[in-house]
Amino acid sequence: MAKILIVLYPDPITGYPPTYARTSIPQIDTYPTGATLPSPKDLGFTPGDLVGCVSGNLGLKDWLESAGHTVVITDDKEGADSVFERELHDADVVISQPFWPAYLTAERIAKAKNLQLVITAGIGSDHTDLNAANERGITVAEVTYSNSISVAEHTVMQVLVLVRDFVNQHQIAASGGWNIADAVERSYDLEGMRVGIFAAGRIGRAVIERLAPFGVRLSYTDRFRLPAEYEEKYNLTFHESIESLVTEVDVLTIHAPLTEQTRGLLNDELLATMPHGAYIVNPARGAIADRDAIVRALESGQLAGYAGDVWDPQPAPADHPWRTMPHNAMTTHTSGTSLSGQARYAAGTREILENWFDGSPIRPEYIIVEGGGYKGTGAHSYAEKPTKDNQGV
Ligand code: NAD
């Protein structure tokens, strides 16, 4: 029997379960590329339930306990005295979500003598030290595609929110004002703008496909060039590097994983080469941007706006400057954890666990590292020297 340590975000302040706005969520049959959705043998929740918090437990608790496993579920994840740190030493499996990441540093992995499997319930496994996991032969898996469309929708929303200057306009309306000039002095149409996509994986392509009908001029860069027919369909211009891409965009959206190659990429030097008054939307990872360089660029007017939902670290401290910097439309890390997204990644987490306990293979597209090396999506998206593997582009 295994010990499963699950770190989830805290319950709603108003209690659990919440009052839901809708009674159901739409049934999605396949992902846009035809890739199939998670198909566990059973679900311990009703799709549409809030399962990403402690009481929701990803719908796993009853199933795991009835099979005889030990289950620890906590939101207490920081510091030597945290439940996570205290329970980690003999855990076989650790599960957490990027919204409330259980940071599995090399030191923590060294202490976790029994650890064999780390599951990211969602997408983005940078909160686990992948080199340390490789050295120990630990499997790291995530639920690839589960919330890619959720994030793409949030990205499109934040692009429009920045360019139209929605936050300012809403604040004027909500506070009883009616000065139209104040409301529109920074408001533009997106139509005709140049939009650059940094990394055209599942989210980046979904953003391209959703923004194309706005009549924007699209360009992108990625370690892998997209097929010619795809570029033609969306009238896409390819750039060899982000340095080249950013010089010709009014809006830049970020969709690469956080790796040693992407950490700190959006720094003073790169931002200075963007056209004056550009916008950035980053729902990938906070640490891809240099925190203070973003603040400086907004204060000087080099950037007209910055939005996204990812911070470094998470949760962000109350005095994090991105909460109050000018012309920001930040959200907390929510884009990938809509109730719709939760249903898919909770189902995928259960499927991974079922495979693990049965001794059957986990889907290759869910694997980041396995057997001491990058495999599946990890080989394509995370490895320093990538291989095109299981992409279904
Ligand atoms: P994906 O694996 O489908 O795509 C990642 C793409 O990044 C690939 O095309 C890869 O070639 C490219 N890439 C990797 N390193 C690069 C580099 N140095 N330069 C250029 N391109 C590079 O993943 P996805 O589903 O599109 O997700 C992308 C990232 O978005 C995740 O890794 C995660 O960090 C983040 N994410 C955030 C949320 C959220 O809730 N905000 C949810 C899901 C994913």
Seminar exercise, completed: The alpha-carbon center of the range 258-273 and that of the range 119-188 are separated, in whole Å, by 18 Å
Exercise. Which whole-number percentage describes the relative contact order of the chain, with Cα contacts under 8 Å and a sequence gap of 6 or more?
Worked result: 18 percent
Seminar exercise, completed: proj_area_mean for the range 148-323 (convex hull on C-alpha atoms), units nm², value 10.5 nm²
Problem set entry | Over the chain: helical MRE at 222 nm, DSSP H runs n ≥ 4 each giving -39500 (n - 2.57), nearest 500 | -8000 deg cm²/dmol
Problem set entry | Prolate/oblate/rounded call for the range 34-133, Cα gyration tensor, a/c under 1.5 rounded | prolate
Problem set entry | For the chain, alpha-carbon Rg relative to the globular expectation (2.2 N^0.38 Å, N residues) | 0.99
Exercise. Assigning unit charges at the beta carbon (Lys, Arg +1; Asp, Glu -1) and nothing else, what dipole magnitude in debye, to the nearest 20, does the chain show about its Cα centre?
Worked result: 460 debye
Exercise. Using a basic spin-label model with each label point 7 Å from the Cα along Cα→Cβ, how many nm lie between GLU232 and ILE13?
Worked result: 5.5 nm
Problem set entry | Packing-based order for 19-29, 200-210, 256-266, using average beta carbon neighbours within 10 Å, highest first | 200-210, 256-266, 19-29
Exercise. Any idea what angle helix 202-211 forms with the longest principal axis of the chain, computed on alpha-carbon atoms, 0 to 90 degrees, nearest 10?
Worked result: 30 degrees
For this session: Among DSSP beta bridges lying fully in the chain, give the percent that are antiparallel, nearest 5.
Result: 10 percent
For this session: Quickly rank 359-366, 214-221 as a protection proxy: mean count of other C-beta atoms within 10 Å, highest first.
Result: 214-221, 359-366
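Under the classification rounded if a/c is under 1.5, otherwise prolate if a/b is larger than b/c and oblate if not, where does the range 10-91 fall, given a ≥ b ≥ c as square roots of the Cα gyration tensor eigenvalues?
prolate
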Seminar exercise, completed: In whole percent, the fraction of accessible protein surface over the range 148-323 that belongs to carbon or sulfur atoms, probe radius 1.4 Å, stands at 51 percent
For this session: Compute the acute angle (0 to 90°) between the alpha-carbon long axis of helix 339-358 and the principal axis of greatest extent of the alpha-carbon atoms of the chain; round to the nearest 10°.
Result: 30 degrees
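The values are calculated or read from the model by the stated rules, or taken from the named source; none is laboratory data. In this text, all values refer to a predicted model and were calculated from it rather than measured experimentally. For neighbour counting, all protein chains shown are included, and Cβ atoms are generated from backbone atoms with ideal geometry for every residue, glycine included. Just so you know, the surface numbers come from the protein's heavy atoms only, side chains and all, with ligands and any DNA or RNA stripped out. Shrake-Rupley method; radii C 1.70, N 1.55, O 1.52, S 1.80 Å.
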